[in-house]
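J.: Sharing a structure below in structure tokens format, with a few things to ask.
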Amino acid sequence: MANPKHEFAAAAERRTVLTEPLVVLPAWPPVVADKREFVRFTRLHRTLHACMIVSFLTLALTGMSLKFSYTGWAVRLARILGGFETAGFIHRTAAVVMFGTFFTHIATLIRDKRRNHLTWRSILFGPSTLLPTRRDAQELAGTMKWFLGLGPRPHYGRWTYWEKFDYFAVFWGIVVIGSTGLTLWFPVFFTRFLPGAFINVATIIHSDEALLATGFIFTVHFFNTHLRPEKFPMDTTIFTGHMPVAELRRDKPREYAALVADGTLEEHLEEPQPEIVIKAFRVFAWTALGIGFSVVVWIIYAMIFAYR
Ligand code: HEM
């Protein structure tokens, strides 16, 4: 009978070879016997991302039902939620959760900086920076070449250029959608120092930026994270926090090589989550994907057949 450990190693090797050019990467011998996985996200990261999912889905569902209130699906959705007025109340409540998530993330960055005695310079310009760098531009160009079969797949590090883009899309989105949303929420306060016409402008910006954000997250972000051939049909890393070492080696070879080189890979390994926990995360993630894709279909329908 075939040895399952060897089959696993062979499968991991095949997956690596499929997407990776033949490059010299330090081998990871324990992968055959060791079930431990690489810890990519802490519990706090995962909790904040889950809060972001719940608040964003709620904001998108309630917001789109207000925006497209003249369509049948929006009326039905609003009825399920308790009417348009209640949908507006749920929208504001979810906005508070999103603001809370955003400011907790900022507070965590400051806390980690102090705790680890880091400088802003090392955070913003170090090897694990989330800021776009010249290397990201090179990897973007390299990826386009790879798509066309004209070169090898770039050796991505901890954050790929598309992950950085997604991260800053949320930053930008929260600033624009959040500030205009607050203007719509407290018009009397804001028109004490802004012209009244700004409320109309804020409505247009809020509404259109929301449409852009919803379209982007439920298509590009979903595709990049879950529907790419290497990840299809679901990448559970952001939910479990873990990724198999073979996957780290294949998807983030530069980070893998650095961890092996400085001998710290071991420190980042943990036993996998229990199967029941992974199943629960999958149900949550599939529900979120299902809602997101449905919203995209509803929006396309409303834009083509019912737009006013
Ligand atoms: C994060 C902070 C946010 C705040 C404070 C906020 C606040 C508001 C407020 C007060 C309204 C007016 C609705 C009413 O009066 O009942 C509104 C409308 C709306 N919001 Fe938000 N919102 C936020 C985020 C979002 C997000 C993330 C989305 C979508 C992804 C979104 C989509 C919409 C849409 C589509 C409308 C309807 C606009 C229209 O009538 O065309 N909002 N929002």
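The values are calculated or read from the model by the stated rules, or taken from the named source; none is laboratory data. Since we're looking at a predicted model, the values are computed, not measured. All Cβ positions, glycine included, derive from the backbone under ideal geometry; neighbour counts span all protein chains shown.
J.: Looking at Ile278, Ile299, Ile291, Ile304 in this structure, which one is surrounded by fewer than 18 Cβ atoms within 10 Å (Cβ to Cβ) and either in contact with a strand residue (DSSP E or B) (Cβ under 7 Å, 6 or more places away or on another chain) or over 21 Å from Ala50 (Cβ atoms) (or both)? Break it down stepwise before answering.
T.: On the way: Ile278 fails: either in contact with a strand residue (DSSP E or B) (Cβ under 7 Å, 6 or more places away or on another chain) or over 21 Å from Ala50 (Cβ atoms) (or both); Ile299 fails: surrounded by fewer than 18 Cβ atoms within 10 Å (Cβ to Cβ); Ile291 fails: either in contact with a strand residue (DSSP E or B) (Cβ under 7 Å, 6 or more places away or on another chain) or over 21 Å from Ala50 (Cβ atoms) (or both).
Only one candidate passes the filter, namely Ile304.
J.: Considering the range 104-140 alone, what residues qualify as being part of a loop (DSSP other than H, G, I, E, B) and either at pLDDT 95 or above or not small (Gly, Ala, Ser) (or both)? Show your work before the answer.
T.: Pass one, the range 104-140, residues part of a loop (DSSP other than H, G, I, E, B): 116-119, 126-133.
Asn116, His117, Leu118, Thr119, Pro127, Thr129, Leu130, Leu131, Pro132, Thr133, listed by residue number.
One line per residue, one yes/no per condition, for (1) within 11 Å of the ligand (Cβ to nearest atom); (2) aliphatic (A, V, I, L, M); (3) under 30 Å from His268 (Cα atoms); (4) modelled with pLDDT of 95 or more:
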residue	(1), (2), (3), (4)
Met52	yes, yes, yes, yes
Phe56	yes, no, no, yes
Met64	yes, yes, no, yes
Gly72	no, no, no, no
Ala87	yes, yes, no, yes
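J.: Which of (1) within 17 Å of Ile300 (Cα to Cα); (2) touching a residue at least 60 places away in the same chain (Cβ under 8 Å); (3) more than 14 Å from the ligand (Cβ to nearest atom); (4) of a type outside the set (Phe, Trp, Tyr) does Thr108 not meet, given it meets every other one?
T.: So Thr108 meets the others, but not (1).
J.: Going by what's in this entry, would Thr101 be described as assigned to a helix (DSSP H, G or I), under 22 Å from the mean Cα position of the chain (by Cα) and modelled with pLDDT of 95 or more?
T.: Values: assigned to a helix (DSSP H, G or I): yes; under 22 Å from the mean Cα position of the chain (by Cα): yes; modelled with pLDDT of 95 or more: yes.
In short, yes.
Listed here are the residues, each with its yes/no results for (1) closer than 23 Å to Gly173 by Cβ; (2) under 21 Å from the mean Cα position of the chain (by Cα); (3) buried (at least 20 other Cβ atoms within 10 Å of the Cβ); (4) polar (S, T, N, Q).
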site: Leu48; (1), (2), (3), (4): yes, yes, no, no
site: Cys51; (1), (2), (3), (4): yes, yes, no, no
site: Leu57; (1), (2), (3), (4): yes, yes, no, no
site: Leu61; (1), (2), (3), (4): yes, yes, yes, no
site: Ala74; (1), (2), (3), (4): yes, no, yes, no
site: Phe84; (1), (2), (3), (4): no, no, no, no
site: Phe89; (1), (2), (3), (4): yes, no, no, no
site: Val96; (1), (2), (3), (4): yes, yes, no, no
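J.: Here's another thing I want to ask about it. Please state which of the following conditions Ser128 fails to meet, knowing it meets all the rest: (1) closer than 25 Å to Phe239 by Cβ; (2) surrounded by 15 or more Cβ atoms within 10 Å (Cβ to Cβ); (3) of a type in the set (S, T, N, Q).
T.: (2)
J.: Taking the options Arg249, Arg254, name whichever one is surrounded by 18 or more Cβ atoms within 10 Å (Cβ to Cβ), away from the ligand (no atom under 16 Å from the Cβ), touching a residue at least 60 places away in the same chain (Cβ under 8 Å) and part of a helix (DSSP H, G or I).
T.: Details: Arg254 fails: surrounded by 18 or more Cβ atoms within 10 Å (Cβ to Cβ).
Just a single option satisfies the conditions, and that option is Arg249.
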